[in-house]
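J.: The structure that follows is given in the form of structure tokens.
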Amino acid sequence: MKIKQIKNYRDIRFLMKAYFKANQMTKEAQKIMGERIKNRLNEKDLIGFYISKNRKRLGFTLCYVDYSHIEEYMHHIRKTELENEVLIMLLEAAAEKAKELKRKIFQSFSVKNLHLKDTLEQKGFEVYPRARMSYNIPKNYQPKNDLDVCYKLSNFTPYRMDKIIDVIVKANQNHIDGDIFIQFSNHDNLKNFISRSLGDFSRLRKDSPIILYGDQIVGVNLVVMLDEQRAYIWDISVLSNHQRKGLGKALMYKAIENCILDNVSEIILDVTIDNYKAFNFYNKHGYSELNRYLTVLKRFTH
């Protein structure tokens, strides 16, 4: 097998077609994503690698280059007896590129084969199992709000975005997810991450709930729509000195209530398995696992 760096969209256009098919993307979505990748490859903030054998391309990875780290944007691997080997080669190549560019961390978010955990750890990667979970909203759902009177529920607004980002960063300090995701390490990192993940915040539901303590934002729940029937909790955070007071439940209940008004039937989220408090919280409140996957890191000192 040979591994090469992606120079332009032509290098992976056939693999991209397979990616679109595997993800059941509409023609319009395919066109938008294709143009986005072409532009970002030209602007050099995306780098990637593909692997071929006997002129057949077996897989690729594309990674976003930030000033502090490299994070995987997407990957696709053909189903063959070599797919695990292909994946590991791609991860190692991207990690070596991060080291070459003097970035602190390489990240891959969604390795589906859980059996690769030991192999990846032996190759120097940190590996964290995560779960995608789902809550099917009951038709007879009754809204709940047990907030103390000193707290007030409100909604996300763009002018509050900087304060919301500060809450998320503070909530993730000295926390397993803050350690895994360098994107949450400071204000600028997180603002850039939200911007590229959520289209400059335009994908956020305008009724994403926040909680105020006086004029201070102390809890947030950022919600986006995956499609007309499914919402996704992008992040839910509560400041440490306001935890254990029912704010997490209130933020979750309010998001459910808002979704019901739009006839949304399912809410989805992702959680780190070793984040026992959050994982047990979602289990307790009716979320069930859809699947598990691995988030993979490699750190560098320069």
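Every number in this text was worked out from the coordinates using simple rules, so none of it is lab data. Keep in mind that this is a model prediction, so the values were computed, not measured. Glycine also receives a Cβ, built like all others from the backbone with ideal geometry; neighbour counts cover every protein chain displayed.
J.: Mean residue ellipticity at 222 nm from the helices of the chain, using -39,500 (n - 2.57) per DSSP H segment of n ≥ 4 over the full residue count, to the nearest 500 deg cm²/dmol? Intermediate values should be presented prior to the final figure.
T.: Values: 9 runs with 103 residues, N = 302.
Helix contribution divided over all residues of the chain: -10500 deg cm²/dmol.
J.: Can you tell me how much longer the chain between Ile268 and Lys4 gets when fully stretched, taken as 0.36 nm per residue apart minus their C-alpha distance, in nm with one decimal? Mind dumping the intermediate values first?
T.: On the way: separation 264, 0.36 × 264 = 95.04 nm, distance 3.60 nm.
Difference between extended and current length: 91.4 nm.
J.: I need the chymotrypsin sites (Phe, Trp or Tyr not before Pro) found in the range 176-239, filtered to DSSP loop residues with at most 13 other beta carbons within 10 Å of theirs. The partial results should precede the final answer.
T.: Working: sites: Phe181, Phe184, Phe193, Phe201, Tyr213, Tyr232, Trp234; in loops: Phe181, Phe201.
Taking the range 176-239 and a limit of 13 other Cβ atoms within 10 Å, no loop chymotrypsin sites (Phe, Trp or Tyr not before Pro) are found.
J.: Kirkwood hydrodynamic radius for the chain: how many Å is it when counted over pairs of different Cα atoms? List each step's numbers first, then the result.
T.: Details: mean 1/r = 0.0483 Å⁻¹.
Over the chain, the inverse of the mean reciprocal pair distance is 20.7 Å.
J.: Something else now. Output wanted: per-residue J couplings in Hz (rounded whole) for the range 156-168, from phi through Karplus 6.51 cos²θ - 1.76 cosθ + 1.60, θ = phi - 60°, x for Gly and Pro.
T.: 4, 9, x, 5, 8, 4, 4, 5, 5, 4, 4, 4, 5
J.: Something else about it: Using 0.36 nm per residue, how much length does the chain from Asn291 to Glu43 gain when fully extended, once their Cα-Cα distance is taken away? Kindly include the intermediate steps, with their values, before the conclusion.
T.: Numbers: separation 248, 0.36 × 248 = 89.28 nm, distance 3.49 nm.
Full-extension gain reported as 85.8 nm.
J.: Next up: For Gln216 and Ile260, what is the calculated FRET efficiency with R₀ set at 30 Å and r taken between the beta-carbons, to the nearest 0.05? Mind showing how you got there, number by number?
T.: Values: r = 29 Å, r/R0 = 0.95.
Calculated value: 0.55.
J.: By how many degrees, 0 to 90 and rounded to 10, does the Cα axis of helix 247-261 deviate from the longest principal axis of the chain?
T.: 80 degrees
J.: So, R0 is 35 Å and r is the distance between the beta-carbons of Glu28 and Ser154; what FRET efficiency does that work out to, to 0.05?
T.: On the way: r = 35 Å, r/R0 = 0.99.
Efficiency for this residue pair is about 0.50.
J.: Show me the GluC sites (Glu not before Pro) within the range 47-95 that DSSP assigns to loop and that have at most 15 other Cβ atoms within 10 Å of their Cβ.
T.: On the way: sites: Glu71, Glu72, Glu81, Glu83, Glu85, Glu92; in loops: Glu81.
Passing sites in the range 47-95 are Glu81.
J.: Which value in nm describes the separation of the simple spin-label points at Arg36 and Lys206, placed 7 Å from the Cα toward the beta carbon?
T.: 2.2 nm
J.: Let me ask something additional. Simple spin-label model, 7 Å along Cα-to-Cβ: Ser68 to Glu126 in nm?
T.: Reported label-point gap for Ser68 and Glu126 is 1.3 nm.
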